[in-house]
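Colleague: Please read through the structure below; I'll follow up with questions.
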Amino acid sequence: MILIDGSLDEGGGAILRQSLALSIMTGKPFRITNIRKKRPKPGLKAQHLKSVELARIVCDAKVTGASIGSDELEFFPGEIKNAKANVNIGTAGSITLALQSVFIPMVFSGKSFNLKITGGTDVKWSPQIDYFKNVFSSFFSGYADINIKVLRKGYYPKGNGFVDISVKSKANIKDAKPLMLDNAGSLIGIKGHCHASKDLERRQASEKLRGSAQILLSDLHKDIDIVSAYYESDSTGGGITLYGLLSCGKEIPCRIGSSALLDKDLDEEKTVEEAVSFFKKNILRNAACDSYLADQLITLMAFTGGIIKTSTITRHVKGNIRVAESFTETKFDVNEEKSIITAT
């Protein structure tokens, strides 16, 4: 059994989610202790239990310690099977974070899945659903037929967003090619998605987000295609996701992304400035993989090897590497000065 200390590195829920994904893919059981030790309220929260629930659904696992406040959990993966399920994360619990526990295992399972998930689609401290759909999942388009439908947005505090995601795997992890994202190449174009709850349509919040983004990105002198939309939602909210199409990557599409959410003051310009600033930071540093995407791709690199150049090495990256090395024989080398991660 693999032993994981959840208090090391960033000490948050990402260690659990990474462990679940790797356990499903390797078939190795694990015990994690000191869960979320460095958080103000340590132990499992409801949204973390939903990650465990999704993992259990995907591979028919046996679990002990899965209760609110528990600081220790054991997970025994079973056989991965075709699955359909309805999962309610509750209020604004992040849908995208829950999916991190099962998405890559589903892609390389050789099976088919349909998950209808209710919860937060666009909330703090997690990838926005448009980022998950247009940046993260794009790296797996050659390995599975992936369809992500956002039927209702879930903003803080009520959440209650609704996402229908289907994954039809076409490959085994042994078919995956090394992840070679060390050369960003040139920026080909910029796409984006601005969104807001329908109660903000009168103030044209989504259009304001789009307009500000087009102005702030104009100095890059690239084609810009940003759409704006309004969604049914139980709470007021909105945001923007940008992604750049890069010339690197032949076998695997190459994209960098950036997102920001409207704050309580509904300051559209401030929101766009945050997203564009992060986007340009990655472009200026010649990153082929933005710093948030980097930590999400560590699970894949644990099986494929490869190299990625990002803009900043985060604590999440270091934590995910430690977990990946616990489950596999892959060794990672991190060059913090050049922001390059190599897996062999």
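The values are calculated or read from the model by the stated rules, or taken from the named source; none is laboratory data. All values reported here derive from a predicted model rather than from experimental measurement. Reconstructed Cβ throughout: ideal geometry from the backbone, glycine too, with neighbour counts over all protein chains shown.
Colleague: Could you check segment 198-243 and list, in sequence order, the residues that are part of a strand (DSSP E or B), more than 19 Å from Lys124 (Cβ to Cβ) and not charged (D, E, K, R)? Spell out the reasoning first.
Modeller: Taking segment 198-243 first, the residues part of a strand (DSSP E or B) are 223-231, 238-243.
Narrowing the set further to residues that are more than 19 Å from Lys124 (Cβ to Cβ) leaves 223-230, 243.
Ile224, Ile226, Val227, Ser228, Ala229, Tyr230, Tyr243, listed by residue number.
Colleague: Tell me which of these Lys270 doesn't satisfy, since it passes every other one: (1) surrounded by 23 or more Cβ atoms within 10 Å (Cβ to Cβ); (2) more than 17 Å from the chain's Cα centre (by Cα); (3) of a type outside the set (Ser, Thr, Tyr).
Modeller: Condition (1) is where Lys270 drops out.
Colleague: Quick check: anything in segment 93-109 outside the structural domain of Thr328 (by TED's automatic domain parsing), more than 30 Å from Gly142 (Cα to Cα) and either among the small types (Gly, Ala, Ser) or touching a strand residue (DSSP E or B) at 6+ places or on another chain (Cβ under 7 Å) (or both)?
Modeller: no
Colleague: Of the residues Ile104, Ile80, Ile57, which single one is part of a loop (DSSP other than H, G, I, E, B), in contact (Cβ under 8 Å) with a residue 24 or more places away in the chain and of a type in the set (A, V, I, L, M, F, W, C)?
Modeller: Ile80
Colleague: Separate question: Only one of these is touching a helix residue (DSSP H, G or I) at 6+ places or on another chain (Cβ under 8 Å) and within 30 Å of Asp130 (Cβ to Cβ): Ile68, Ile32, Ile80, Ile2. Name it.
Modeller: Only one candidate passes the filter, namely Ile80.
Colleague: Mind listing whichever residues of segment 62-73 are charged (D, E, K, R), in contact with a Gly (Cβ under 6 Å, 6 or more places away or on another chain) and modelled with pLDDT of 95 or more?
Modeller: Selection gives Glu72 alone.
Colleague: Can you name the residue in segment 75-129 that is more than 16 Å from Ile57 (Cβ to Cβ), polar (S, T, N, Q) and touching a Lys or Arg at 6+ places or on another chain (Cβ under 7 Å) and, of all such residues, is surrounded by the fewest Cβ atoms within 10 Å (Cβ to Cβ)?
Modeller: It comes out as Thr91.
Colleague: Out of everything in segment 1-54 that is in a strand (DSSP E or B) and not β-branched (Val, Ile, Thr), what residue ends up being modelled with the lowest pLDDT?
Modeller: Ranking the candidates gives Asp5 first.
Colleague: Across segment 252-276, what is the total count of residues that are of a type in the set (Asp, Glu) and closer than 18 Å to Tyr292 by Cβ? If you could, list the steps in order and put the result at the bottom.
Modeller: First pass over segment 252-276, keeping only residues of a type in the set (Asp, Glu): 263, 265, 267-269, 273-274.
Those left that are additionally closer than 18 Å to Tyr292 by Cβ: 273-274.
Looking only at that region, the number is 2.
Colleague: Another question, if that's okay. Can you tell me which residue within segment 252-267, out of those that are farther than 25 Å from Ala184 by Cβ and part of a loop (DSSP other than H, G, I, E, B), is nearest to the chain's Cα centre (by Cα)?
Modeller: Leu262
Colleague: I would also like to ask the following. Just the residues that are assigned to a loop (DSSP other than H, G, I, E, B) and surrounded by 15 or more Cβ atoms within 10 Å (Cβ to Cβ), please, taken from segment 60-69.
Modeller: Hits for segment 60-69 are Ala61, Gly65, Ala66.
Colleague: Return yes or no: is Ile188 out of contact with any helix residue (DSSP H, G or I) (no Cβ under 9 Å at 6 or more places or on another chain), more than 21 Å from Val150 (Cα to Cα) and outside any loop (DSSP other than H, G, I, E, B)?
Modeller: Here the answer is yes, as Ile188 does meet what is asked.
Colleague: Oh, and also: At least 1 residues that are free of Cβ contacts under 8 Å to residues at least 60 places away in the same chain and surrounded by fewer than 24 Cβ atoms within 10 Å (Cβ to Cβ) in each: list the strands (runs of 3 or more DSSP E) lying fully within segment 284-344 that qualify.
Modeller: 332-335, 340-343
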